[in-house]
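Only one structure is covered here, and it is reproduced in the block below.
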Amino acid sequence: MGVFGTPVANKTVGEADLVLIVGCRLKAPDTLSESPHLIDPARQRLIQIDVEPRNVGWVYPVDLGLVGDARAVLALLNAALADDVKRRPPYAQLPRVMQLQQEKQASHYFVDDYARAAAVPILPQRLVHELSTTLAPDALVCADAGNNRVWMLRYFQTKQAGTYFGTYGIAGMSWSLPAALTAKLLYPQRPCVAVCSDGFAMQNHVLSTALQYEAPVTFVVMNDAQLGMVRQGQGERPIASEFLPTDWAAVARGYGGVGIRVERPEGIRPALLEALGSERPAVVDVAIDPKEPMQARLRSPLGVYGSY
């Protein structure tokens, strides 16, 4: 849910009469800057579970605060509700759950027209959609900071728990490169992918380490030749946020790895499959549209379900 969540998630939470909050501090991006259309203590009952006492009731007054390890508290809640659950029909047959599945389809859950776009330059939404449909279910994916991370949050749908890792609180640009390499060293049998943008300029020496240790990581670069989030926030007065175009695929080949440049959307999937199957560290350098407005594009669908 939240600013960069899916419209159906915001709609569902906004309609709830009881909200169970588990391990979430309810930051401004989570709550659409504390929009009463999403969470409102005046019309909803709130139960908040957190291991840190200060987080409970910090943003909103809660009806019940439970301080403890999430796993332990949820196990106790499940035990208390066991008799009630036994009397219910299977989860998938509950009318509310069935309605939710229909709403997901109606609201283009994770896939919309932008994700299918054939535009050139390539839209980042299309790139993320191709990643979501191409990568194996057990692939370990590490996302970087900046616009690329936000596009991943909105359009990348995981297939297994514990396969997606992002840098959130510290917003560390270039984090995804050493993170994906570490993942590959720990789980050499699984595909490991870093998704980044300008972070690749900061730590592309990770390629040398990957080659040295024969760790075939795939690095996917959203190449827009700018600090996207910063540049778009500067409006008509860009300051030190635009760069000379760089061919990161050529840089990868210079290190001795695999380098593939992609400039058309139909080339994304073949490039990903080639990189993943090469058994060598590989860079898939994708030229994305630098003018695709992340903030405006992802905020606009929220209006479908009210003034969030």
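The values are calculated or read from the model by the stated rules, or taken from the named source; none is laboratory data. Predicted, not measured: the structure shown is a model, and the values here were computed from it. Please note: Cβ atoms are built from the backbone with ideal geometry, for glycine as well, and neighbour counts cover all protein chains shown.
Which members of region 273-288 meet the condition of being in contact with a strand residue (DSSP E or B) (Cβ under 9 Å, 6 or more places away or on another chain) and surrounded by fewer than 17 Cβ atoms within 10 Å (Cβ to Cβ)?
Here is the first cut: in region 273-288, the residues in contact with a strand residue (DSSP E or B) (Cβ under 9 Å, 6 or more places away or on another chain) are 274-276, 278, 280-288.
Those that are in contact with a strand residue (DSSP E or B) (Cβ under 9 Å, 6 or more places away or on another chain) and surrounded by fewer than 17 Cβ atoms within 10 Å (Cβ to Cβ): GLU274, SER278.
May I ask you to verify whether ALA145 is within 14 Å of the chain's Cα centre (by Cα) and free of Cβ contacts under 8 Å to residues at least 12 places away in the same chain?
On the way: within 14 Å of the chain's Cα centre (by Cα): yes; free of Cβ contacts under 8 Å to residues at least 12 places away in the same chain: no.
The answer is no for ALA145.
With the requirement that a residue be more than 19 Å from ASN147 (Cα to Cα) and either touching a Ser or Thr at 6+ places or on another chain (Cβ under 6 Å) or in contact (Cβ under 8 Å) with a residue 24 or more places away in the chain (or both), what does region 179-203 give you?
The first filter runs over region 179-203 and keeps only residues more than 19 Å from ASN147 (Cα to Cα), leaving 181-192.
Within region 179-203, LEU181, ALA183, LYS184, LEU185, TYR187, PRO188, ARG190, PRO191, CYS192 qualify.
Hey, could you check region 11-24 for residues that are among the small types (Gly, Ala, Ser) and closer than 23 Å to TYR109 by Cβ and say which is surrounded by the most Cβ atoms within 10 Å (Cβ to Cβ)?
Going through the qualifying residues, I end up with GLY14.
Rundown of residues vs (1) touching a residue at least 40 places away in the same chain (Cβ under 8 Å); (2) of a type in the set (D, E, K, R), yes/no style:
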residue: GLY23; (1), (2): yes, no
residue: LEU26; (1), (2): no, no
residue: VAL59; (1), (2): no, no
residue: ASP84; (1), (2): no, yes
residue: LEU94; (1), (2): no, no
residue: VAL97; (1), (2): no, no
residue: GLU103; (1), (2): yes, yes
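A quick yes/no check of all residues on (1) in the same structural domain as VAL73 (by TED's automatic domain parsing); (2) under 19 Å from LEU74 (Cα atoms); (3) within 22 Å of the chain's Cα centre (by Cα):
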| residue | (1), (2), (3) |
| --- | --- |
| MET1 | no, no, yes |
| GLY14 | yes, no, yes |
| ASP17 | yes, no, no |
| ILE21 | yes, yes, yes |
| LYS27 | yes, no, yes |
| THR31 | yes, no, yes |
| HIS37 | yes, no, no |
| GLN44 | yes, no, no |
| ILE47 | yes, yes, no |
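Could you check region 215-289 for helices (runs of 4 or more DSSP H) lying wholly inside it with 2 or more residues that are within 21 Å of ALA115 (Cβ to Cβ)? Spell out the reasoning first.
Numbers: elements: 228-233, 248-255, 268-277.
Result: 228-233, 268-277.
Can you go through VAL67, VAL8, VAL3, VAL56 and tell me which one is surrounded by fewer than 15 Cβ atoms within 10 Å (Cβ to Cβ) and of a type in the set (A, V, I, L, M)?
On the way: VAL8 fails: surrounded by fewer than 15 Cβ atoms within 10 Å (Cβ to Cβ); VAL3 fails: surrounded by fewer than 15 Cβ atoms within 10 Å (Cβ to Cβ); VAL56 fails: surrounded by fewer than 15 Cβ atoms within 10 Å (Cβ to Cβ).
Just a single option satisfies the conditions, and that option is VAL67.
For region 25-50, which residues satisfy the criterion of being at positive phi and surrounded by fewer than 15 Cβ atoms within 10 Å (Cβ to Cβ)? Can you show your working first?
First, the residues of region 25-50 that are at positive phi: 26, 32-34.
Within region 25-50, SER33, GLU34 meet the criteria.
Check VAL150, VAL111 and return the single one that is more than 27 Å from LEU207 (Cβ to Cβ) and either surrounded by 13 or more Cβ atoms within 10 Å (Cβ to Cβ) or not small (Gly, Ala, Ser) (or both). Full working, then the answer.
Working: VAL150 fails: more than 27 Å from LEU207 (Cβ to Cβ).
Exactly one residue qualifies, and that residue is VAL111.
Among (1) part of a helix (DSSP H, G or I); (2) at pLDDT 90 or above, where does ALA136 come up short?
All conditions are met except number (1).
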